[in-house]
Amino acid sequence: MPAKDVKAYVKRNKNDSVDAAACGEGGPATDGPNRAGEDARAARHELMQHRVRDLLVRQRTQAINALRSHLAELGIVAAQGYDGLKVLLVVIADCSDVRLPENARASLSALVAQIASCQAEIGAIEKRLLAQHRKNADSKRLETIPGIGVVGASAIVATVPDASIFKTGRDFAAWIGIVSREDSTGGKQRLGPISKQGDRYLRRILIVGAFAVIKQARAHPEKYP
């Protein structure tokens with residue numbers, strides 16, 4: 001088959017075995033690539049909770065950033081993190097603070113309400129995730145791994161209900177796109193940066209968890225021999 005016709009059937013990366021599978025799948029004996037079941041996991045209602053929570057977290061972050069930037073225009077700034085945010089919320093709630101004009105206070109109060117609403121919804125979802133996590137033995141085992149908490153463990157279980165489909169941990173890593181991208185041919189292996197060809201949500205959770213473990217290990221080396 002011409003190379004341009006085979007390209008559509010290459011599922012991931014490029015090496016001799018993948019090219020051969022693509023040629024076989026795109027040959028005259030088949031009707032085309034088989035993608036059945038690839039989107040089935042995303043439709044699970046347990047995983048939907050993670051998607052909604054992730055959206056709410058992003059909306060909360062956007063509202064907080066907007067609030068900080070508007071106050072900074074008026075010369076009102078605070079430290080990063082939750083403690084700094086609490087200082088700004090006190091300023092907005094204090095009607096006697098003359099640094100904040102009345103119209104600005106009314107506008108920023110809308111952002112404060114949005115932040116509070118997102119936080120309440122996130123808390124409700126996290127309570128449900130925690131309850132489901134405590135009932136699932138696989139999820140509780142995953143939580144024992146450093147860097148994987150309740151959210152990460154329940155997300156992995158919801159996305160991969162049958163982990164036996166992966167022979168090794170590296171197969172799972174390749175599935176979520178945190179192994180090197182391959183562009184090999186003719187027996188010559190060429191590896192690049194991570195492929196990012198997989199579940200973005202799981203990949204982000206695992207990478208953030210890994211960085212958290214590294215940070216703690218540097219700060220407390222005695223706890224991480």
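The values are calculated or read from the model by the stated rules, or taken from the named source; none is laboratory data. Note that the coordinates shown come from a computational prediction; the quantities given were computed from them, not determined experimentally. In this analysis, Cβ positions are derived from the backbone assuming ideal geometry, glycine residues included, and neighbour counts consider all displayed protein chains.
Scanning the stretch 202-225 for residues that are among the basic types (Lys, Arg), surrounded by 12 or more Cβ atoms within 10 Å (Cβ to Cβ) and without any contact (Cβ under 8 Å) to a residue 24 or more places away in the chain yields a single hit, 204.
Table: residues versus (1) under 26 Å from residue 46 (Cα atoms); (2) outside the structural domain of residue 54 (by TED's automatic domain parsing); (3) within 14 Å of the chain's Cα centre (by Cα).
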{"site": "149", "(1), (2), (3)": "yes, yes, yes"}
{"site": "165", "(1), (2), (3)": "yes, yes, no"}
{"site": "173", "(1), (2), (3)": "yes, yes, no"}
{"site": "195", "(1), (2), (3)": "no, yes, no"}
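Look at residue 54 and say whether it is over 26 Å from residue 125 (Cβ atoms) and either in contact with a Phe, Trp or Tyr (Cβ under 7 Å, 6 or more places away or on another chain) or outside any helix (DSSP H, G or I) (or both). Break it down into steps so the answer makes sense when it comes.
Values: over 26 Å from residue 125 (Cβ atoms): no; either in contact with a Phe, Trp or Tyr (Cβ under 7 Å, 6 or more places away or on another chain) or outside any helix (DSSP H, G or I) (or both): yes.
Here the answer is no, as residue 54 does not meet what is asked.
Here are 88, 142: which of them is surrounded by 13 or more Cβ atoms within 10 Å (Cβ to Cβ) and over 24 Å from residue 51 (Cβ atoms)? Answer to the check: 88. State all residues of the stretch 71-84 that are surrounded by fewer than 17 Cβ atoms within 10 Å (Cβ to Cβ) and either assigned to a helix (DSSP H, G or I) or in contact (Cβ under 8 Å) with a residue 60 or more places away in the chain (or both); if no residue qualifies, say none. Selection gives 72, 73, 82, 83, 84. Taken over the stretch 85-102, the criterion of being over 31 Å from the mean Cα position of the chain (by Cα), among the charged types (D, E, K, R) and not in a loop (DSSP other than H, G, I, E, B) is satisfied by 102 alone.
For the stretch 172-201, give me each residue that is assigned to a helix (DSSP H, G or I) and exposed (fewer than 14 other Cβ atoms within 10 Å of the Cβ). 200, the sole residue that qualifies. If you check residue 105 against the conditions, is it outside any helix (DSSP H, G or I) and of a type in the set (Lys, Arg)? The answer is no for residue 105.
For every residue, the table says whether it meets (1) in contact with an Asp or Glu (Cβ under 7 Å, 6 or more places away or on another chain); (2) assigned to a loop (DSSP other than H, G, I, E, B); (3) over 23 Å from residue 214 (Cβ atoms).
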{"residue": "123", "(1), (2), (3)": "no, no, yes"}
{"residue": "126", "(1), (2), (3)": "no, no, yes"}
{"residue": "141", "(1), (2), (3)": "no, no, no"}
{"residue": "145", "(1), (2), (3)": "no, yes, no"}
{"residue": "155", "(1), (2), (3)": "no, no, no"}
{"residue": "170", "(1), (2), (3)": "no, no, no"}
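It is to be established whether one or more residues within the stretch 105-124 are without any contact (Cβ under 8 Å) to a residue 12 or more places away in the chain, of a type outside the set (S, T, N, Q) and in contact with a Lys or Arg (Cβ under 8 Å, 6 or more places away or on another chain). Scanning the stretch 105-124 turns up no residue that is without any contact (Cβ under 8 Å) to a residue 12 or more places away in the chain, of a type outside the set (S, T, N, Q) and in contact with a Lys or Arg (Cβ under 8 Å, 6 or more places away or on another chain). Scanning the stretch 121-131 for residues that are surrounded by 13 or more Cβ atoms within 10 Å (Cβ to Cβ) and either basic (Lys, Arg) or not assigned by TED's automatic domain parsing to the domain that holds residue 53 (or both) yields one hit, 128.
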